[in-house]
Amino acid sequence: MAKISVENTGTTALLNALAEGVMVRAGDRFIFVNQTALDMFAYPGTMEEFLDEPVSQWVHPDDQAIVQDNYDKRIRGEDAEQNYELRLLRADGETRWVSCRANAIEWDGEPAVVACVYDITEQLEEKRAFERAENIFRNIFRLTPEVMLISGLTDGKIIDVNPAFLNVFGRRRDEVIGHTTQGLDIWADQTFLGRFIEELKMTASMTDVPTTVKTRGNLIRHFRIFAQKIDLEGEPMLLLIGRDITEDLVQAQELQRSKDTAELANRAKSEFLANMSHELRTPLNAILGFAEILRDEMVGPIGSPRYKEYAQDIHESGTHLLSIINDILDLSKVEAGRLEAYLTWINPLESLEMCMTLVQQRAFEASLSLEHHFDRSVLIEADERLIKQIALNLLSNAIKFTEPGGKVTMKLEKTGNGGLCLSVTDTGIGMTAEEIKVAKRPFGQVDSSLSRRHEGSGLGLPLVSAFTEKLNATMTIDSRPSVGTRVSIMFPPFKVKTREDDD
């Protein structure tokens, strides 16, 4: 048993200089601790103050039994565990793991136990983190449906494969481990692996590399390969992951075929609508012309005034039908990509005022107030024909869906960023968010019942949206049920200039 005296200042200085914490215990008190131990405990006071505290205060409750048992055995001269790990409690409440090496000694002539402790908290945390990562990788390796293998980077010999690999290729582990993938003859292209390895040597990893492999029963399957160079016990290794994308490719091909078929059918529909629209418009123009002659009695009186009313009905119905056919023709042009926009700098006021005049009688008959507020100082780069169609469609919709006594307002005003906003606001029935989605679809009818109150083809907003895109503008709809709707066409600043700038 070693003998050490506390009065030996040289010994104390030596112990204080150690990187390990040194603690001497007699009974339930420490009789000496070096400065390293005090720092380890984060103790703010002096050594003398520390020595007044009981040993149990500094040992984790779960470790106190083993610490006490080892101390008692050493004091009795019995064999005790010389090296073990335990948790110490610091003055700031933190728990630290330490490696402890203890021996029995005499200190100032009295039996005692000296313990040298070394903080291993960080090492244990790193070890546990590594073990967790290793466990996670092991579970992924075992459970993932992706094919995985680990092989030597230089010799290509397989170190390990996961169950998915064995299942896909129909092999036993003893047929795979120690062999190379080249020897297993799983590559449909025999030159692929060599090229792949050579390219991998110049980089740390490769992702999403397409290849074909021969699976169970010599079936050819399409795979995507992912590879990563890893270090295993100092040896460079290759982690290879393969994903079977055969079904994805088949689905993608089916989707493309379906898309091509749908596009072909859509083009055929557009061509049919365009041709039918032209065929229908010719006789309709004749019907409208003769209805006007009868209504206005251009070649003499027609007798009964009821015939004149019938002629008026024929003319109104024909006009309505012609409007629908024109909308269908415009839509077919949009879908066929044949809608042209001839952009020039125009003053939109004349077109907008003409649209207001055209719908004024309709608004009067519907008992609606029709207002407009136009900024007269602007020019826009647009197609005048499309501006008219946008304005007429928006005004017609607003009048159609606004109850008697309501109001429809068209505005043309500058925006804060130098752009321009053309808007039509009504106090009509409004729409929910879902109804707006329906209304923006071609032939979409918010009220789709057989007895719906409002006539129309459901092409108003889709056509406005298509025309707006052609003008490089954007359309927004703000609507609430029973409150009303505001449709805004926003022109960016580069499409707008003042008339003074033009001068």
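The values are calculated or read from the model by the stated rules, or taken from the named source; none is laboratory data. Just so we're clear, the structure is a prediction, and the values are computed from it rather than from any experiment. Glycine gets a Cβ as well: all are built from the backbone with ideal geometry, and neighbour counts include every protein chain shown. What goes into the accessible areas is simple: the full protein's heavy atoms, side chains included, and nothing from ligands, DNA or RNA. Shrake-Rupley method; radii C 1.70, N 1.55, O 1.52, S 1.80 Å.
Here are the numbers for the structure shown:
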{"item": "Residue check, LEU461 modelled with pLDDT under 85 and crowded, with 19+ Cβ neighbours inside 10 Å", "result": "yes"}
{"item": "Total residues in the stretch 91-111, condition free of Cβ contacts under 8 Å to residues at least 40 places away in the same chain, more than 16 Å from ALA19 (Cα to Cα) and of a type in the set (D, E, K, R)", "result": "0"}
{"item": "Residue in the stretch 187-214 that is nearest to GLY152 (Cα to Cα), counting only those that are open to solvent by less than 60 Å² (accessible area, probe 1.4 Å) and in contact with a Phe, Trp or Tyr (Cβ under 6 Å, 6 or more places away or on another chain)", "result": "LEU193"}
{"item": "Positions within the stretch 263-287 being at pLDDT 75 or above and surrounded by 12 or more Cβ atoms within 10 Å (Cβ to Cβ), in sequence order", "result": "ILE287"}
{"item": "Strands (runs of 3 or more DSSP E) lying entirely in the stretch 1-115 (those with 2 or more residues that are open to solvent by less than 50 Å² (accessible area, probe 1.4 Å))", "result": "21-26, 29-33, 83-89, 95-107"}
{"item": "Residues that are under 25 Å from PHE165 (Cβ atoms), surrounded by 10 or more Cβ atoms within 10 Å (Cβ to Cβ) and free of Cβ contacts under 8 Å to residues at least 60 places away in the same chain, drawn from the stretch 226-262", "result": "PHE226, ALA227, GLN228, ILE245, THR246, GLU247, ASP248, LEU249, VAL250, GLN251"}
{"item": "Failed criterion for SER449 (all others in (1) open to solvent by 60 Å² or more (accessible area, probe 1.4 Å); (2) at pLDDT below 90 hold)", "result": "(1)"}
